[in-house]
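Taking it in order: structure first as structure tokens, then the write-up.
The values are calculated or read from the model by the stated rules, or taken from the named source; none is laboratory data. None of the values given here were measured: they were computed from a predicted structure. Here Cβ is always computed from backbone atoms with ideal geometry, including for glycine, and neighbour counts include all displayed protein chains.
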Amino acid sequence: MKIDRLIGILSLLLQRDKITSAELAEKFEVSRRTILRDIETLNQSGIPVFAEQGQGGGISVMEGYKMDRTLLSSEDMRAILSGLQSLDSVSGTNRYRRLMEKLSADDRSSADADNHIIIDLSSWDKSAVADKIELIKQAIEKRHIIAFSYFSPSSETQRNIEPYHLVFQWSSWYVWGFCTDRGDYRMFKLTRMTELKMTDEKCADREVPEYTCDKLRHTKGEIEAQVRFDRSQKWRLIDEFGKDMLHADENGDFLMTLTWEDEPTFYRYILSFGDSAEIVSPDEYRNGFAAIVKNICGRYET
């Protein structure tokens, strides 16, 4: 993709005093004409790149924009490599690994051999997410609206959004953007999207607010209740809330005050613990959950 190539070209230019368009064309497997267009794009973005003709000429970045190669240690390069390889785990390709090779002007084999970190961001069914990620990336770059059917806990709706960010959060992939149907910014889980397509309609020229990660999703919302968890669930509670939020009673069980976005999703969460969780208060949610359990039991009565 063009953005990958631009990053690679800029990295090489910052690491070397001068490089020819022929060298860049060979390294990135494109024509010299394409390289020259890329150089023009970098110039238009405010990076002073210029070309000198004749013997000893080449492409370089204006002095002052140089970056000392020692600023990126082998440890830094390994960290970058881990991040890029994690993106390959989603796409099912070696695109970002190849980008890493192009980013490094020297042999990267030693950094590769010493890398002991493996980050796998893929879902069990890679095809369910990888194709969507690629389409949304293209839509973001081209500034086109995407359309899709979306399945939420309450309904199935048709949505059109201006996509601005792909987000890996809470162990899942999301797209964040302006929903033209709701007139506000929304987050959509990729696995709940079907019939995804990029439309011919361009995104509006709007001032996009900064995306902020809601790391405390379990501690914000409209529903507040006290829940007692069996001590056997300590592993899961630590995994989801952290050790600092756990306080055991005299029996070793955990009484926690939870807030949630709505009743249906709260009840589904409590159900996921089976008989190892009990809503203690208030009675409104305790009784509401009891009614759900009663209906479930009714399905199995003979």
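Which of the residues that make up the stretch 194-217 are farther than 18 Å from W173 by Cα and either at pLDDT below 90 or in a loop (DSSP other than H, G, I, E, B) (or both)? Scanning the stretch 194-217 gives C203, A204, D205, R206, E207, V208, P209, E210. The set of residues in the stretch 166-200 being exposed (fewer than 14 other Cβ atoms within 10 Å of the Cβ) and closer than 16 Å to L135 by Cβ consists of T194, E195, K197, T199, D200. Reported count of residues in the stretch 280-302, each being part of a helix (DSSP H, G or I), surrounded by 10 or more Cβ atoms within 10 Å (Cβ to Cβ) and of a type in the set (S, T, Y), is 1. Of the candidates T265, T191, T259, the single residue that is in a strand (DSSP E or B) and farther than 18 Å from I140 by Cβ is T259. Of all residues in the stretch 28-44, exactly one satisfies the criterion of being within 29 Å of the chain's Cα centre (by Cα) and hydroxyl-bearing (S, T, Y), namely T41. When the stretch 260-279 is filtered for residues that are out of contact with any helix residue (DSSP H, G or I) (no Cβ under 6 Å at 6 or more places or on another chain), over 16 Å from R231 (Cα atoms) and touching a residue at least 40 places away in the same chain (Cβ under 8 Å), the ones remaining, listed by number, are E261, D262, E263, P264, T265, F266, R268.
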